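Engineer: Here's a structure for you.
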Amino acid sequence: MFLSVFEMFKVGIGPSSSHTMGPMVAASMFLDKMRAAPFGYAGIRCTLHGSLAFTGVGHATDRATILGLAGFLPDTYDAEKAEATLAKIRDTHTLHPEGLPELAFHPKEDLIFDFGPNLPGHANGMVLMATDAQGDVILQETYYSIGGGFVMTGGELAAGRNTDEGAPVPYPFKSAAEMLEMAQSSGKSIAAMKRANEVSRKAEVDMRTGVARIWQVMDDCIERGMATDGILPGGLKVKRRAKGIHDALIAERGTNLSAPHKINDWMSTYAMAVNEENAAGGQVVTAPTNGAAGVVPAVIKYWLEHVPGASKDQVEEFLLTAAAIGGLVKFNASISGAEAGCQAEVGSAAAMGAAGLAAVLGGTPEQIENAAEIALEHHLGMTCDPVAGLVQVPCIERNGLGAIKAVSAASLALRGDGTHLVPLDACIETMRQTGADMMDKYKETSLGGLAVNVPNC
């Protein structure tokens, strides 16, 4: 089993990896399918299903789909160009993707939110159709946005293709138990095994440069978030708080107001800064999703800024370890809030952050696995109930608390010798079962929980 660090950590745009980035990627995939089989296309239509329909407007799914059909991709997204393109599409009711003829597309008529039953494969489903001059469908594909920006066709999902199917890697662990066995037999750390897997597919210099970019984008996102105030878009009038809290923390340094527990405020501020940027549609890194994008960066920032002896040279070790844990969760359960609730997003992120921190603090593979298990265990059952379908309430603060739990989990694990009662594999399987049992109204549909008990205006 191999999931690259660059699959777990993708540079993209907010507010949602599964509802914004995924549909944009799916639309781009459909354009490639059209280019590969030119049949005299004249138009495009799309239907959004399940969670993509219920919370699609709040998550900018409609906007992302349209931009994807116009040729945009998350990694190279240009906000100014996107606005101009959207305005032109609304005015002309046409798309002009590269390598294809002009295509008729009326956003209000050709992009349909279907509030009926979910498509059979996943809660985040969409169907893209290309039509001829008479309006008849001549090419069609079903796509599923399965969390973290990952996209699969209906056929791929039905075939059970969940991971990379390329050449074998040196350490193909599919479970935490296998990971620990390989670490023990090889004498390598989790990060070293993950690094060996990565460089078996990509030149080491490219891997190192890519991982460095991941952290740079994360850190830039934190800094932007801590420097920006105002009201977040979407209609809830949620006020950005990271800048104000950060300014207050700076002012309180060295005073008798600087109590030890204020470190929790620092962690929360770093995480909230990221998720406020995400809510505003800014550039973020899936970690493993956009909705949970603040946890891992906040833990790294906390470690670098507040822990003696921390070195930026070890950020690669942190991210590789975190990616290894995130890959296990995705392969054996889910990182999708629409599929398993927020336990799959912030819970997974906390497990990744705890593992990464335990690693750079000198933890053994067993202590790292314990740290991940503690963090995930104490998110089990967490619902995904965004108010008004926006990735704002409770998502922004939830990332702050996820970061705090991650640090606490790493600290607890490092106080032990790595032996513990509940294996990480059992915790991941419990999360999967809990997500399967969870009512759909608590899985990113905004039909239950806080979403219906808090006024939307």
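Engineer: Check whether at least one residue in the range 106-118 is on the phi > 0 side of the Ramachandran plot and in a loop (DSSP other than H, G, I, E, B), and report yes or no.
Structural biologist: Within the range 106-118, none of the residues are on the phi > 0 side of the Ramachandran plot and in a loop (DSSP other than H, G, I, E, B).
Engineer: Where in the range 192-295 are there helices (runs of 4 or more DSSP H), lying wholly inside it, with at least 3 residues that are of a type outside the set (Ser, Thr, Tyr) and in contact (Cβ under 8 Å) with a residue 40 or more places away in the chain?
Structural biologist: Of the helices (runs of 4 or more DSSP H) lying wholly inside the range 192-295, those with at least 3 residues that are of a type outside the set (Ser, Thr, Tyr) and in contact (Cβ under 8 Å) with a residue 40 or more places away in the chain span 204-227, 262-279.
Engineer: What about ALA426, is it among the small types (Gly, Ala, Ser), crowded, with 24+ Cβ neighbours inside 10 Å, at pLDDT 95 or above and in the same structural domain as TYR302 (by TED's automatic domain parsing)?
Structural biologist: no
Engineer: Hey, can you tell me all the residues within the range 276-327 that are within 11 Å of the chain's Cα centre (by Cα) and not hydrophobic (A, V, I, L, M, F, W, C)?
Structural biologist: Once the filter is applied, which keeps residues that are within 11 Å of the chain's Cα centre (by Cα) and not hydrophobic (A, V, I, L, M, F, W, C), the range 276-327 yields ASN278, THR286, PRO288, THR289, ASN290, GLY291, GLY294, GLY326.
Engineer: Something else about it: Which ones in the range 36-83 are among the hydroxyl-bearing types (Ser, Thr, Tyr) and in contact with a His (Cβ under 8 Å, 6 or more places away or on another chain)?
Structural biologist: SER51, THR55, THR61
Engineer: What tally of residues in the range 67-121 results from selecting those that are under 27 Å from ALA37 (Cβ atoms), surrounded by 17 or more Cβ atoms within 10 Å (Cβ to Cβ) and without any contact (Cβ under 8 Å) to a residue 24 or more places away in the chain?
Structural biologist: Of the residues in the range 67-121, 2 are under 27 Å from ALA37 (Cβ atoms), surrounded by 17 or more Cβ atoms within 10 Å (Cβ to Cβ) and without any contact (Cβ under 8 Å) to a residue 24 or more places away in the chain.
Engineer: In addition: Kindly indicate whether PRO38 is surrounded by 14 or more Cβ atoms within 10 Å (Cβ to Cβ) and either at negative phi or not assigned by TED's automatic domain parsing to the domain that holds LYS10 (or both).
Structural biologist: So PRO38 does not fit the description; no.
Engineer: So if I check each of ILE368, ILE300, which one is farther than 25 Å from LEU232 by Cβ, out of contact with any Lys or Arg (no Cβ under 6 Å at 6 or more places or on another chain), part of a helix (DSSP H, G or I) and among the hydrophobic types (A, V, I, L, M, F, W, C)?
Structural biologist: That would be ILE368, the only listed residue that is farther than 25 Å from LEU232 by Cβ, out of contact with any Lys or Arg (no Cβ under 6 Å at 6 or more places or on another chain), part of a helix (DSSP H, G or I) and among the hydrophobic types (A, V, I, L, M, F, W, C).
Engineer: Can I ask one more? What number of residues in the range 432-448 are surrounded by 15 or more Cβ atoms within 10 Å (Cβ to Cβ) and within 15 Å of SER51 (Cα to Cα)?
Structural biologist: 11
Engineer: Looking for whichever is within 27 Å of ASN275 (Cβ to Cβ) and of a type in the set (D, E, K, R) here; the options are GLU80, GLU102. Which one fits?
Structural biologist: Going through GLU80, GLU102 in turn, just one is within 27 Å of ASN275 (Cβ to Cβ) and of a type in the set (D, E, K, R): GLU80.
Engineer: Under the condition of being farther than 20 Å from TYR144 by Cα and either of a type outside the set (A, V, I, L, M, F, W, C) or touching a Pro at 6+ places or on another chain (Cβ under 6 Å) (or both), which residue from the range 313-342 is surrounded by the most Cβ atoms within 10 Å (Cβ to Cβ)?
Structural biologist: Among them, the one singled out is THR321.
Engineer: Out of everything in the range 204-216 that is in contact with a helix residue (DSSP H, G or I) (Cβ under 9 Å, 6 or more places away or on another chain) and either among the hydrophobic types (A, V, I, L, M, F, W, C) or surrounded by 16 or more Cβ atoms within 10 Å (Cβ to Cβ) (or both), what residue ends up being farthest from GLY166 (Cα to Cα)?
Structural biologist: TRP215
Engineer: For the range 8-59: of the residues being in a helix (DSSP H, G or I) and among the polar types (S, T, N, Q), which is nearest to ALA123 (Cα to Cα)?
Structural biologist: Per the criteria, the residue is SER51.
Engineer: Another question, if that's okay. Among residues belonging to the range 238-255 that are within 24 Å of the chain's Cα centre (by Cα) and of a type outside the set (Val, Ile, Thr), point out the one that is farthest from PRO386 (Cα to Cα).
Structural biologist: LYS243
Engineer: Take the residues in the range 430-457 that are part of a helix (DSSP H, G or I) and of a type in the set (Asp, Glu); name whichever of them is farthest from the chain's Cα centre (by Cα).
Structural biologist: ASP437
Engineer: If you go through the range 178-199, how many residues are under 25 Å from the mean Cα position of the chain (by Cα) and small (Gly, Ala, Ser)?
Structural biologist: Of the residues in the range 178-199, 3 are under 25 Å from the mean Cα position of the chain (by Cα) and small (Gly, Ala, Ser).
Matching residues to (1) modelled with pLDDT under 95; (2) more than 16 Å from VAL151 (Cβ to Cβ); (3) in contact with a strand residue (DSSP E or B) (Cβ under 6 Å, 6 or more places away or on another chain):
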{"site": "HIS49", "(1), (2), (3)": "no, no, yes"}
{"site": "LEU52", "(1), (2), (3)": "no, no, yes"}
{"site": "GLY58", "(1), (2), (3)": "yes, yes, no"}
{"site": "ILE66", "(1), (2), (3)": "no, yes, no"}
{"site": "LEU69", "(1), (2), (3)": "no, no, yes"}
{"site": "THR76", "(1), (2), (3)": "yes, yes, no"}
{"site": "LYS88", "(1), (2), (3)": "no, yes, no"}
{"site": "THR92", "(1), (2), (3)": "no, yes, no"}
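Engineer: Filter the range 185-197 down to the residues that are within 13 Å of ILE368 (Cβ to Cβ) and polar (S, T, N, Q) and list them by number.
Structural biologist: Within the range 185-197, SER189 is the sole residue that qualifies.
Engineer: Look at the range 371-395 and say how many of its residues are β-branched (Val, Ile, Thr) and outside any loop (DSSP other than H, G, I, E, B).
Structural biologist: 2
Engineer: Among the numbered criteria (1) part of a helix (DSSP H, G or I); (2) buried (at least 21 other Cβ atoms within 10 Å of the Cβ), which one does MET152 miss?
Structural biologist: Unmet condition: (1).
The values are calculated or read from the model by the stated rules, or taken from the named source; none is laboratory data. Here the structure is a predicted model, which means the values were calculated and not measured. All Cβ positions, glycine included, derive from the backbone under ideal geometry; neighbour counts span all protein chains shown.
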